[in-house]
Every structure is written in C-alpha cells, then in structure tokens.
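What follows is one structure encoded as structure tokens, with my remarks underneath.
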Amino acid sequence: MKYVDEFRDPRAVRELAQAINRIALPRVRLMEVCGTHTMSIARYGLRELIAERAELISGPGCPVCVTPQGDIDWFLAAARLPGVIAATFGDMMRVPGSDSSLEQERARGAEVRVVYSPADAVELARRNPERQVIFFGIGFETTAPAVAMSVLEAKGDSLANYSAFCAHKLIPPALAALVAAPDLAVNGFILPGHVSAIIGSRPYEFLAREHGVPCVVAGFEPVDVLQAVRMLLLQIAQGRAAVEIAYNRAVAPEGNPKARAVVSQVFEVADARWRGLGDIPASGLAVNAQHASFDARRRFDLTVSPAVEPRGCRCGEVLRGAIHPEQCALFGRRCTPREPVGPCMVSSEGACAARYRYRAAPAGGEA
Amino acid sequence: MCLAIPMRVIAIDGPRAVVEQAGARRTINIGLMDEVKEDDYVLVHAGYAIARVDEEEARRTLDLIEQLAQATDSAGGET
Amino acid sequence: MTRDAGPARDEREPRGALEGRQGRATRDVILLSHGAGGQLMSELIDDIFVRGFDNPILRAREDSGVIDVAGRKLALTTDSFVVAPVVFPGGDIGKLAACGTVNDLAAVGAQPVALAASFILEEGLDQSLLRRCVESLRAAADEASVPVITGDTKVVPKGSADKLFITTSGLGLAPQNTTISASAARRGDVVLINGGIAEHGMAVLCAREGIDLQLDIGSDCAPLNRLVAALLDAGCDVHSLRDPTRGGVAAALNEIAQQSQVCIELREEALPIAPAVNTACELLGLDPLQVANEGKMLVLLPEEQAEAALAAMRCAPYGGGAVMIGRVLDGPAGRVQLKTRVGPARIVDRPVGEPMPRIC
C-alpha cells in the first residue's frame with residue numbers, strides 16, 4: 001500500500017529506535033490521546049523498542065471509552081423503539097451500557113445495522129422511508145465532519161426519517177483539563193494525526209506556550225510514531241516546548257478549514273461529560289437549533305435511568321493516564337475482552353483491550 | 001480514533017469520487033475537501049476524504065530518516 | 001427527555017459475582033458472535049454440545065469425527081451454511097456448502113466418498129436463485145469427485161430463514177495408518193499454508209450493503225481434497241491440518257496450540273495476503289488473521305519435510321501459493337504469537353465474536 005508500507009519499513013524503524021535510544025535523557029513519560037495510536041503502538045510493539053528512553057501512556061483518546069454511560073443507555077433505549085433502525089459504527093456494538101449492549105439488543109429483536117460511513121445510514125433512511133434511522137455519532141474532530149455532512153445530505157434530500165445522536169467530543173479541551181490536573185506527570189504529548197488533519201496544529205499551542213509541554217502531531221505507522229517520539233525527546237533535551245508536526249504529509253498548520261466549516265454549519269460547541277474525566281465545559285458538540293429536526297435527542301422523547309458505574313472499574317484513571325491497565329485489579333482477571341467490565345476493555349482501541357490483545361509475548365526462546 | 005488510509009482518486013463525479021488502493025476500490029464523498037484532482041491521494045475516513053496526502057512531504061519525511069541512517073554510519077551519539 | 005443524572009453515587013457489583021457486565025446476559029441468549037468461530041462459539045460448543053453429546057470422538061474436537069467401522073476408519077462431518085449475501089464475489093452458498101464439507105473431511109486426511117445436502121428454503125425464494133446454487137454445489141462436488149447421494153428439502157415461512165440455508169454432511173475414507181489431529185502438533189513442526197489469507201471473509205463483508213468496497217479478488221472458496229491427497233501421496237508425515245474458516249488463522253492455530261499443548265509463532269513478513277484484501281482490512285480496521293478463509297488449509301509437519309511438502313502442494317490444485325508462515329517452538333503451551341515486521345512479538349488471540357468494521 002502506497003504511503004503506508006514505506007512507513008512500516010523495518011530498517012527505518014530500527015534506525016529511529018536507535019536514534020531515540022542514543023538521546024541522553026532520564027526516562028520520560030509521553031502521552032498519546034488517540035485510540036488509533038494506542039492500537040498502533042501495541043500492534044507493533046513500539047513500547048518495548050524505546051522502553052529505556054520513554055514510557056508511553058494512553059490518555060482519553062478512545063471515543064468509545066469516553067462516551068458516558070448515559071449516552072449509551074439512551075441509544076440502547078432508542079434502538080428498542082418500534083420502527084427504528086439504529087445505525088452505528090462497528091466500534092459501539094459490544095460496548096456495555098448499564099444493562100445491555102447493541103449486540104444484545106439486536107439478538108432480542110432490535111434492528112441494529114453496522115455501517116462503515118454515516119452516508120450509508122442516510123442511504124438506509126432513503127431505502128426505508130417508513131422507518132426512523134438514528135445514527136450514533138461518536139468520535140472526535142476527525143469524524144464529526146462526516147456526520148455533519150450526513151445531516152446536510154439528509155436535509156438536501158428532505159428526508160424526514162434520518163437523525164443523528166451527536167455524542168462527538170473535542171480533543172483540545174480535554175488536553176486543557178489534563179494539564180490543569182495536579183497529578184498529571186507527562187513530559188510530552190503525542191498529538192492525534194487525523195484530528196489534527198482537521199483542526200491543524202494551532203489549537204494545541206497553549207500547551208507549549210502556557211504550560212511548557214512539548215507536543216508533536218504524529219501519524220499512525222510505526223515510523224510516524226517513532227519520528228514523533230524522537231522529536232519530543234529532542235525538544236525535551238534542548239529545553240524547548242513547541243507544537244511541531246511530524247505528520248506533514250497529511251497535516252497542515254491550518255488543518256482543513258472546509259471540514260471545520262461543515263461542522264460549524266450543523267453543530268455547535270456544548271458542555272460534555274467524559275467518562276473518567278467528568279464534565280468539561282465546551283468540550284463536545286451538539287446539533288444546533290437550525291438543524292434541530294435532525295437531532296435525535298430532540299426528536300425522541302426518552303427517559304434514561306441514572307447510569308451506574310461498575311464496582312472496581314478504574315477506567316477513569318486509565319483514561320487520565322493516572323494508572324496503567326495492569327494496575328487495575330480487574331485487568332485480565334474479571335475484565336477481559338471476552339467479558340469486559342468497563343469500556344476500556346471493550347473497545348478494541350481502549351488502552352486495556354489494546355494492552356491485553358497485543359500483549360507482548362515474553363521471550364519464550366526459539367526452537 | 002481515526003482509522004484512515006491513503007487512497008488514490010481515479011474518477012470524480014460532483015461530490016463523489018472513486019478511490020483505489022492496491023486493488024480495493026470505493027466510492028466516497030469529497031465534500032469536505034476544497035479541491036481534489038485525479039491521481040491525488042486522499043485520506044479516507046468513514047467514507048469521506050478528510051485530507052490530501054502530500055507527496056513532497058512524504059518524501060521529505062522518509063529522506064530525513066535516510067539521513068539519520070547515514071549519520072549513524074559516520075558518527076555516534078547525539079543530544 | 002431526561003439527561004444523564006450524573007456519576008453514580010453508589011456502585012453496584014457487576015452482574016454475577018465474577019462476571020463482567022455482559023456475562024450473565026451473554027449466557028441468556030444466543031448472539032451472532034456465538035456463530036463467529038471465536039471464543040464465544042468455542043464456549044457454546046463446549047458447554048452445550050460437547051457436554052450434551054459427550055463421547056470420545058466428539059471430545060477430540062477435530063473438523064470431522066473419525067470412527068472405526070468394521071476395521072475401516074471412516075470420517076463423518078456436517079456443516080450448515082447460512083452466508084449472507086447468498087451470492088458473493090467468487091461464489092455462492094452452494095459452492096461454499098460443497099467445499100466446506102469436503103475441506104472438513106480433508107482436514108483429517110480423508111477423501112470424500114459421498115455428500116448429503118439439506119435445504120431450508122424461505123417462502124418467496126426465487127427458484128432461479130435456488131437452481132444457480134444447486135448448480136454451483138454440483139460443480140464443486142464434481143471437482144472434488146464426490147456425488148450428492150441424498151438430501152432433504154424444507155420450506156419455512158417468509159422471515160424464518162434468510163433466503164436459503166444449506167446443511168451438508170460428508171462421508172469420507174480416513175487414512176488407516178496415520179492420525180492427523182489437532183492434538184498431534186509437536187515442537188520442531190513448521191506451519192504451512194497454501195495461499196493468501198482473509199479472502200473469503202473480506203469478499204463477503206465488502207459485498208454487504210453499507211460497506212460497498214470493491215475488491216479485485218473474490219472468495220477463495222475451493223475444494224482441497226486433492227491438495228491434501230498430494231501431501232499424503234508425497235509421503236509427508238503430516239501432524240495437523242485445519243481449514244481456517246470462521247475465526248480465521250488465529251482461531252484455527254489457537255485450537256491446535258491448545259489441543260497439542262504447544263506454542264506456535266508466526267512471522268508477519270511471511271503471511272501471504274492479497275493487496276486488495278490487505279487494503280480492505282486496513283480500511284475497516286480488521287485483523288486478517290481473524291477473518292474467514294474457505295479455500296485454505298494449515299499444514300503442520302516436521303521441519304525436515306517442509307521442502308517436500310511445499311513442493312507437493314505447489315503442484316496440486318489451489319496449492320500454487322504455498323508458503324511457510326511459522327513454526328512450533330519452545331514457549332508457553334497453548335499460545336500463538338506473531339513476530340511483527342518491525343521486531344517485537346505479540347500474542348495472537350482468537351477473536352471474541354464477529355469481526356466488526358471500525359472507524360477508530
């Protein structure tokens with residue numbers, strides 16, 4: 001695959017790992033805030049390659065993990081409504097709400113459809129005019145533009161049976177909350193490459209300017225991640241703090257203005273609750289008044305009981321980077337991908353699931 | 001949280017484009033992009049193009065690493 | 001609408017003392033994931049079927065049951081085919097029904113001698129579609145040189161079946177003097193496969209409404225009895241065979257590693273995968289090791305015989321792409337690991353349930 005294989009080249013990875021290990025510094029803590037980074041680091045065993053120089057920790061970058069229980073319960077209740085087709089990205093199918101999951105609701109008779117694109121959900125609405133299609137809009141700034149476009153498409157076709165449940169969240173406010181926390185010990189941020197393709201690098205500048213934390217916008221292949229780690233270590237070694245872009249082939253400092261304009265057309269910034277982080281002002285999106293007729297929250301009158309967090313679940317601390325998955329007593333014992341307790345284990349890019357699934361094979365020797 | 005892969009634009013029809021990568025092909029929406037030309041590589045996320053992949057920058061990134069490898073051969077250590 | 005009232009003041013135990021959130025509910029109803037060839041399905045089979053029917057042959061958990069009848073080893077297998085869509089790039093449910101059963105027989109080294117085919121037809125099914133699938137089944141069975149000697153037909157009301165379900169049973173002659181078994185893999189064995197992985201699963205998934213990805217390659221659905229015959233005729237001392245269907249190579253090798261109590265390591269760089277399939281997996285966030293194959297056979301045999309085995313496979317139908325992808329080595333029993341392209345090794349688990357396209 002072009003523009004992918006070159007960035008997985010083993011020789012390049014080796015060179016970068018060696019270059020990183022040559023930088024003379026005490027071991028630093030670097031946080032990534034993107035589930036796709038969590039997966040990539042685990043999938044390629046990057047943590048082990050640079051363990052001497054840096055500890056890589058995961059922050060609240062898994063949209064499935066940070067979606068509050070209440071939102072999941074709302075969508076499950078909506079899926080149970082007669083005449084509804086609940087359309088969702090595959091990521092949400094196995095996430096447990098207070099009582100159930102979309103996978104289980106489907107088994108019990110709800111019509112739940114996994115789609116690859118919100119445009120497919122709009123197509124479902126076109127083909128099933130007598131049904132109500134509700135799309136579960138999760139994800140950060142990378143995904144919000146696509147969901148906004150789907151609303152505009154439905155509006156353009158005057159579809160009365162499509163609505164979006166907007167649960168999108170924004171990364172920079174979460175980062176602001178993280179750096180404000182007294183117990184956050186992080187020497188640098190690996191910033192999400194595809195969120196940044198949309199928002200650019202400027203929204204992160206406060207991290208370097210006001211808090212003195214080095215930041216690098218990174219792509220997702222092993223070469224990309226290691227490149228970013230190296231740039232962070234160089235900043236730290238040189239006593240600098242800046243927002244740099246390593247993922248230049250996809251990210252411009254100004255991002256994608258057109259995509260942002262589409263988001264502003266349909267959504268507005270709103271306060272949002274983040275599982276594990278609590279309520280963060282102006283950290284999420286909601287459908288604006290102009291597009292109220294496509295807002296599932298307004299269209300469907302649903303009462304959802306208060307959500308209950310499972311006992312012993314430490315997803316919140318994992319999401320803040322305060323503990324590693326292994327430090328949770330439930331990890332690998334009561335909580336596994338097969339029987340997950342919290343969202344960090346269900347979502348395949350949750351820190352716990354990635355750590356469990358792609359756990360390093362301790363050297364077992366060769367025959 | 002953002003699975004997106006680079007795919008090459010092989011045909012454009014209004015807000016839609018057919019993209020291709022290594023034998024896989026899909027019709028996607030290019031409404032989030034300012035301008036897209038045939039043969040451009042775009043990042044495809046959830047059925048939409050979200051950014052163009054810049055060939056120059058890709059080359060530059062890979063060259064930087066190549067230089068690292070050569071620097072290793074001739075010198076050691078760095079701060 | 002009431003918004004979420006806030007973080008819980010009181011915490012509740014997860015349902016069931018030692019179960020996760022979904023634990024108890026998972027046990028109440030059957031989920032699609034129970035049919036996906038992964039961990040959930042494995043547990044269902046153990047809990048309900050193996051326990052229910054309990055006998056030594058069943059407990060061996062091979063792809064076919066091998067039974068001694070008047071001094072002759074016979075193999076018997078059965079499989080239901082419920083694929084949707086019924087027609088997909090590279091084949092249809094009829095072709096799948098013949099190949100799947102022939103391959104289950106081949107996986108214990110047996111040559112097929114007869115097939116039985118049962119059809120459950122949904123009211124309203126287009127007869128020309130039925131004819132097409134029957135023709136495909138016939139063609140695949142002919143290719144494997146096995147006749148369909150008996151069958152059954154039932155019609156169910158509209159909505160009770162998704163167009164057409166087929167159950168095929170196969171009878172075969174198993175090797176008299178060797179035991180090819182999932183529990184026979186040994187340290188020093190190598191792992192071979194006859195070609196590219198994940199083709200069937202991705203062809204079917206990409207053809208589904210809402211995914212709409214066109215691949216330049218279709219399902220790999222094919223009968224592999226001749227391939228296995230070539231291996232055995234070449235005198236190879238094959239220890240284990242398995243066709244990695246639902247759950248993919250990951251599920252199949254985990255089963256072998258578990259039943260043989262060995263550790264298996266794959267090399268990422270050695271895994272054959274068609275470019276289009278690779279792209280599709282990357283785009284949808286799927287692991288090709290966990291995606292179904294319908295024309296592939298995993299072969300485990302002593303390393304000294306690898307060359308001969310590969311040569312035999314490469315001359316046989318559907319064996320042209322045969323390569324070595326891993327080995328059985330010292331390590332924790334029951335583990336399967338992957339040496340990544342960039343260096344470190346990581347664990348390869350069976351999938352939990354159905355592989356689901358992701359955006360994250």
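For the reader, a short list of remarks on this structure follows.
- Counting only helices (runs of 4 or more DSSP H) that fall entirely inside segment A:1-56 and contain at least 1 residues that are more than 9 Å from every other protein chain (Cβ to nearest Cβ) and within 26 Å of the chain's Cα centre (by Cα), the qualifying elements are A:35-43.
- Search result, residues across segment A:33-50 that are closer than 14 Å to A:LEU226 by Cβ and aliphatic (A, V, I, L, M): A:ILE41, A:LEU46, A:LEU49, A:ILE50
- Each residue in segment C:125-147 was checked for being more than 16 Å from C:VAL87 (Cβ to Cβ) and buried (at least 17 other Cβ atoms within 10 Å of the Cβ), and 4 pass.
- Considering residues of segment A:80-101 that are buried (at least 24 other Cβ atoms within 10 Å of the Cβ) and in a helix (DSSP H, G or I) only, the residue nearest to the other protein chains (Cβ to nearest Cβ): A:ASP91
- Failed item in (1) assigned to a helix (DSSP H, G or I); (2) modelled with pLDDT of 95 or more; (3) within 14 Å of chain B (Cβ to nearest Cβ); (4) under 18 Å from the mean Cα position of the chain (by Cα), with A:PRO173 passing the rest: (3)
- Residue count for segment A:307-321, restricted to those that are assigned to a loop (DSSP other than H, G, I, E, B), touching a residue at least 40 places away in the same chain (Cβ under 8 Å) and buried (at least 17 other Cβ atoms within 10 Å of the Cβ): 4
- Residue selected from segment C:48-90 under the condition under 25 Å from C:GLU209 (Cα atoms) and in contact with a helix residue (DSSP H, G or I) (Cβ under 7 Å, 6 or more places away or on another chain), by the criterion surrounded by the fewest Cβ atoms within 10 Å (Cβ to Cβ): C:PRO89
- Of the residues making up segment C:228-261, those that are of a type in the set (D, E, K, R), farther than 19 Å from C:SER183 by Cβ and in a helix (DSSP H, G or I) number 1.
- Checking each residue in segment B:29-54 for being modelled with pLDDT of 95 or more, at negative phi, more than 8 Å from chain A (Cβ to nearest Cβ) and not in a strand (DSSP E or B) picks out B:ILE30, B:VAL36, B:LYS37, B:GLU38, B:ASP40.
- Condition check for C:ILE359: of a type in the set (Val, Ile, Thr) and facing chain A (nearest Cβ under 8 Å): yes
- Residue selected from segment A:322-367 under the condition at pLDDT below 80, touching a strand residue (DSSP E or B) at 6+ places or on another chain (Cβ under 6 Å) and closer than 16 Å to C:VAL352 by Cβ, by the criterion surrounded by the fewest Cβ atoms within 10 Å (Cβ to Cβ): A:ARG359
- Within segment C:129-155, if we keep just the residues that are closer than 14 Å to C:LEU96 by Cβ and of a type in the set (Asp, Glu), the residue that is farthest from the chain's Cα centre (by Cα) turns out to be C:GLU135.
- Of the residues A:ARG275, A:ARG297, the single one that is among the charged types (D, E, K, R), touching a strand residue (DSSP E or B) at 6+ places or on another chain (Cβ under 9 Å) and either within 12 Å of chain C (Cβ to nearest Cβ) or buried (at least 22 other Cβ atoms within 10 Å of the Cβ) (or both) is A:ARG297.
- Scope segment A:176-206; condition more than 17 Å from A:ALA282 (Cα to Cα) and more than 14 Å from chain B (Cβ to nearest Cβ); matching residues: A:ALA181, A:PRO182, A:ASP183, A:LEU184, A:ALA185, A:VAL186, A:ASN187, A:GLY188, A:PHE189, A:ARG202, A:GLU205
- Boolean, B:LEU62 is in contact (Cβ under 8 Å) with a residue 40 or more places away in the chain and not in a strand (DSSP E or B): no
- Residue within segment A:143-156 that is within 23 Å of A:GLY278 (Cα to Cα), buried (at least 24 other Cβ atoms within 10 Å of the Cβ) and within 13 Å of another protein chain (Cβ to nearest Cβ) present: yes
- For segment A:110-132, a tally of residues being outside any strand (DSSP E or B) and at the interface with another protein chain (Cβ under 10 Å from one of its Cβ atoms) returns 10.
- In segment C:156-173 there is no residue that is surrounded by fewer than 19 Cβ atoms within 10 Å (Cβ to Cβ), free of Cβ contacts under 8 Å to residues at least 12 places away in the same chain and either within 26 Å of C:GLY90 (Cα to Cα) or assigned by TED's automatic domain parsing to the domain that holds C:ILE256 (or both).
- Residue, farthest from A:LEU191 (Cα to Cα), within segment A:251-266, restricted to residues that are within 9 Å of chain B (Cβ to nearest Cβ) and in contact (Cβ under 8 Å) with a residue 40 or more places away in the chain: A:VAL262
- Filter result for the condition that a residue is of a type in the set (Lys, Arg) and over 30 Å from A:ALA121 (Cα atoms), over C:ARG246, C:ARG208, C:ARG242: C:ARG242
- Residue in segment A:210-233 that is touching a Leu at 6+ places or on another chain (Cβ under 8 Å) and part of a loop (DSSP other than H, G, I, E, B) present: yes
- Number of residues in segment C:52-88 that are small (Gly, Ala, Ser), over 20 Å from C:THR178 (Cβ atoms) and either part of a strand (DSSP E or B) or without any contact (Cβ under 8 Å) to a residue 24 or more places away in the chain (or both): the value is 2.
The values are calculated or read from the model by the stated rules, or taken from the named source; none is laboratory data. In this text the structure is predicted, and so the values were computed from the model without any measurement. Cβ sites come from the backbone with ideal geometry, for glycine too, and all protein chains shown count toward neighbours.
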